[in-house]
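Novice: Shown below is the structure under consideration.
The values are calculated or read from the model by the stated rules, or taken from the named source; none is laboratory data. All values derive from a computational prediction rather than experimental measurement. We place every Cβ from the backbone using ideal geometry, glycine too, and count neighbours over all the protein chains shown.
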Amino acid sequence: MNSDQEVNLASYLQISTLEVVRKIGFGIHGSVFEVSSGPMSTSVVKVFEDDSAFAREKAVYLRLQDKNISKINEFSVPELLNADDELLILQISLVPRPFVLGFASAYLDELPAWFPPFSREWWADKEN
C-alpha cells in the first residue's frame, strides 16, 4: 500500500469512525481491510490505487445494486455500503464464502481500449 492509500485509509476511518480489524487482501488495484464500528458491525473497506479502477468497480456495484443481485450462482456478492470518490474507497458488506469480491478489472457497456478488434466471424462463432 502506498503512502497516498495509507493517508486515504486513515482519513476514511476517522470520518466514518471505523477501526481496522485486519488486512484481508491486496492486489494490483489496492488493498482490502475488514473494519468494524462495534462488536457486531463489520464490513470491508477497499482502498484503491487509481481512480479508473475505483470508478469501474463502483459502477459494477451500483449496477448490481440496481438489479438487486446479491448472488451469482453459489457466490455471494457484497453490497455497496458507501463510496468516497475523493479518497478512492469503497465500503462493502462482509459476506460468507464463497464470494465475489473484485470488479476493478470489469468493464460495463464498453470494451476496454486495449481489447483487440475482432472480425464478425469471430463474434458469430462466440455467439453460438
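Novice: So TYR12 clears everything in (1) touching a Lys or Arg at 6+ places or on another chain (Cβ under 8 Å); (2) at pLDDT 95 or above; (3) outside any strand (DSSP E or B) except one condition, right? Which one?
Specialist: If we test TYR12 against (1) touching a Lys or Arg at 6+ places or on another chain (Cβ under 8 Å); (2) at pLDDT 95 or above; (3) outside any strand (DSSP E or B), just (1) comes out false.
Novice: Being more than 30 Å from ALA113 (Cβ to Cβ), of a type in the set (Ser, Thr, Tyr) and touching a strand residue (DSSP E or B) at 6+ places or on another chain (Cβ under 6 Å) narrows it down to one of SER41, SER36, so name that one.
Specialist: Unique residue meeting the criteria: SER36.
Novice: Taking LEU62, is it surrounded by 10 or more Cβ atoms within 10 Å (Cβ to Cβ), in contact with a Lys or Arg (Cβ under 8 Å, 6 or more places away or on another chain) and either among the aliphatic types (A, V, I, L, M) or not in a helix (DSSP H, G or I) (or both)? First the steps, then the outcome.
Specialist: Values: surrounded by 10 or more Cβ atoms within 10 Å (Cβ to Cβ): yes; in contact with a Lys or Arg (Cβ under 8 Å, 6 or more places away or on another chain): no; either among the aliphatic types (A, V, I, L, M) or not in a helix (DSSP H, G or I) (or both): yes.
Against the criterion (surrounded by 10 or more Cβ atoms within 10 Å (Cβ to Cβ), in contact with a Lys or Arg (Cβ under 8 Å, 6 or more places away or on another chain) and either among the aliphatic types (A, V, I, L, M) or not in a helix (DSSP H, G or I) (or both)), LEU62 does not qualify.
Novice: Still on this structure, please answer the following. Please give the number of the condition LEU80 fails out of (1) without any contact (Cβ under 8 Å) to a residue 24 or more places away in the chain; (2) over 16 Å from GLU34 (Cα atoms); (3) under 10 Å from the mean Cα position of the chain (by Cα).
Specialist: The single condition LEU80 does not satisfy is (2).
Novice: Just one of the numbered conditions (1) assigned to a helix (DSSP H, G or I); (2) among the basic types (Lys, Arg); (3) touching a Phe, Trp or Tyr at 6+ places or on another chain (Cβ under 7 Å) is not true of LYS23; which one?
Specialist: Unmet condition: (1).
Novice: Which is exposed (fewer than 14 other Cβ atoms within 10 Å of the Cβ), closer than 26 Å to PRO112 by Cα and among the small types (Gly, Ala, Ser), of GLY25, GLY30?
Specialist: GLY25
Novice: Does at least one position in segment 48-55 carry a residue that is more than 15 Å from the chain's Cα centre (by Cα), assigned to a loop (DSSP other than H, G, I, E, B) and surrounded by fewer than 18 Cβ atoms within 10 Å (Cβ to Cβ)?
Specialist: No.
Novice: With respect to SER93, determine if the residue is hydroxyl-bearing (Ser, Thr, Tyr), surrounded by 14 or more Cβ atoms within 10 Å (Cβ to Cβ) and at negative phi.
Specialist: The answer is yes for SER93.
Novice: Moving to a separate point now. Only one residue in GLU74, GLU79 is at pLDDT 75 or above, surrounded by fewer than 10 Cβ atoms within 10 Å (Cβ to Cβ) and not polar (S, T, N, Q), so which one is that?
Specialist: Just one listed residue meets the conditions, GLU74.
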